[in-house]
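Working notes for the structure below.
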Amino acid sequence: MIRLHDTLAREKREFVPQDTKRITMYVCGPTVYGRAHIGNARPAVVFDTLARLIRHEYGEDSLVYARNVTDVDDKIIAAAEAEGVEPAVITERYERLYLEDMRALGVRDPDIAPHATREIGPMIALIDRLVSSGHAYSAEGHVLFSVASDPDYGVLSKRDREQMIAGARVEVAPYKRDAADFVLWKPSAANVIGWDSPWGRGRPGWHLECSAMIEAHLGTTIDIHGGGLDLIFPHHENEIAQSRCAHGAPLARYWVHNGFVDMGAEKMSKSVGNIVTPEELLKSHKGETLRLALLSAHYRQPLPWTETLIAQAKATLDRLYRFLLSPPKRTGDANPDFITTALGEDLNTPLALSRLVEMAKFGDAEGLKRAGNLLGLLQEAPHDWFQRKAHNVELSANATAQFSAEAQLITSNERFDQLIAERAEAKKNRDFATADRIRNELKAEGIVLEDGPNGTTWRRE
Ligand SMILES: [Zn+2]
């Protein structure tokens, strides 16, 4: 059984899909104009873990998971102007980098990745329906959603009107009937990306794309709608209003929101400038370490991002991989229920992780690997985990002395292998002076080389 905290109901509810053979989940994806930061990675990792759980419970093909790509937006237009390129150059570049970063964190690509620029038709059709049913109006090239026309507006965020206007940071514009009304379509100047529409050449407002793409790809009512806490208002509130007013049915049956990643006392955000990116972190840490760090707090709680958090995540994985490297001969309990019951309780990843560590005490290697897979962890060959350089570059002061010694050993082993390769190359080029120098250098470190028919091996004296 899976229970999920539903933001709309304000409580945990048993997850009952509409159709267990086609469970639908939509998560608001990136606006692609710059590198993602680790706060942006949290929803990707959280909903990837939820997707793994659903597929485990209902079957590999039971879930259709869609995550959109916002590829038309004022920030994109500004970035393109700054570089003097077409917006598509910016969006293609940063979408590719986003996917690379997320894959490095063990995030599987969603089943569907709708792009706003490829779905203008369904968006115009949706606006058309809202205008003809009196929920939207056009003025000065804009089309606006009339908040006053929707008596249920505010149902998700439960804000009063004043809070809503403050929260949306809305501008009072002459073309708006009401300050709370939000843009569905806005005009584009001749040199700015745009599409023809019944209201003139322009481009969609941000909230619109999700409503239109959910309907086009997943249906009028989906099972799970997810995203970061910051999207509840105004983005998801507006999605709900647009969709319900257009087709009368609720947009989603469960609303799931993840908390922020904090840097110091503040939420990590580009506008504050306190960001750290997977790109930087992956230079000195493995993707699984960052993934475990992101899953170490419950998804609804804030997650303070610190060096200690990363060091702890790494120490946990080192311990688990060391177990896999030389597992004791056991027929232990490989029952993945140990993990799924924790995840089923509103995706309790801290509990699931402590159970994973527990399993290394009584379980077997295969069972542990299967359990790790549910969390997107333990996907590497144990030998590779300890070999790869990225892992050993920056040892945190908090790492254990035991591990430092182990790491040093591995690093020097790698160096020996490299020197032996250099020596072989030198011999091939008949550069015997270099070959002898390498041999003597290693000998001084207590390493003896033995040349054989299958190449050179080394041993400690
Ligand atoms: Zn959205």
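The values are calculated or read from the model by the stated rules, or taken from the named source; none is laboratory data. Note that this is a predicted model, so its numbers are computed, not measured. Cβ: placed from backbone, ideal geometry, glycine included. Neighbour counts: every protein chain shown. For accessibility, only protein heavy atoms count, side chains too; no ligands or nucleic acids. Shrake-Rupley method; radii C 1.70, N 1.55, O 1.52, S 1.80 Å.
Below is a table of values for the structure above.
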| item | result |
| --- | --- |
| Test: residue in segment 255-272 that is touching a residue at least 24 places away in the same chain (Cβ under 8 Å) and touching a Ser or Thr at 6+ places or on another chain (Cβ under 6 Å) | yes |
| Pairs with Cβ under 6 Å, 6+ apart, first in segment 204-215 and over 16 Å from Pro30 (Cβ atoms) and among the small types (Gly, Ala, Ser), second at pLDDT 95 or above and more than 8 Å from the ligand (Cβ to nearest atom) | Gly205/Val183; Gly205/Leu184; Ser211/Gln242; Ser211/Ser243; Ala212/Glu119; Ala212/Pro122; Ala212/Met123; Ala212/Leu126 |
| Filtered residue count, segment 205-219, keeping only those that are within 12 Å of the ligand (Cβ to nearest atom) and either hydrophobic (A, V, I, L, M, F, W, C) or open to solvent by 10 Å² or more (accessible area, probe 1.4 Å) (or both) | 7 |
| Test result for Tyr65, open to solvent by less than 20 Å² (accessible area, probe 1.4 Å), modelled with pLDDT of 95 or more and under 23 Å from Met25 (Cβ atoms) | yes |
| Scope segment 45-78; condition part of a loop (DSSP other than H, G, I, E, B) and farther than 30 Å from Asn373 by Cβ; matching residues | Asp71, Val72, Asp73 |
| Candidates Ala41, Ala66 - the one that is of a type in the set (Gly, Ala, Ser), within 14 Å of the ligand (Cβ to nearest atom) and within 21 Å of the chain's Cα centre (by Cα) | Ala66 |
| Any hit, segment 385-394, residues being modelled with pLDDT of 85 or more and either out of contact with any Ser or Thr (no Cβ under 8 Å at 6 or more places or on another chain) or part of a helix (DSSP H, G or I) (or both) | yes |
| Residue ID - nearest to His207 (Cα to Cα), chosen from residues in segment 220-233 that are touching a helix residue (DSSP H, G or I) at 6+ places or on another chain (Cβ under 7 Å) and surrounded by fewer than 22 Cβ atoms within 10 Å (Cβ to Cβ) | Phe233 |
| Breaking point among (1) open to solvent by 20 Å² or more (accessible area, probe 1.4 Å); (2) under 21 Å from Met123 (Cβ atoms); (3) within 16 Å of the ligand (Cβ to nearest atom), for Asp74 | (3) |
| Residue match in segment 4-27 (condition: open to solvent by less than 50 Å² (accessible area, probe 1.4 Å), part of a helix (DSSP H, G or I) and either within 16 Å of the ligand (Cβ to nearest atom) or in contact with a Phe, Trp or Tyr (Cβ under 8 Å, 6 or more places away or on another chain) (or both)) | no |
| Residue that is nearest to the ligand (Cβ to nearest atom) [pool: residues in segment 28-38 that are touching a Phe, Trp or Tyr at 6+ places or on another chain (Cβ under 9 Å) and not in a strand (DSSP E or B)] | Gly29 |
| Inter-residue pairs, beta-carbon under 8 Å, first more than 10 Å from the ligand (Cβ to nearest atom) and in segment 226-242, second among the β-branched types (Val, Ile, Thr) and not in a helix (DSSP H, G or I), 6+ apart | Ile232/Thr7; Glu237/Val155; Ile240/Val155 |
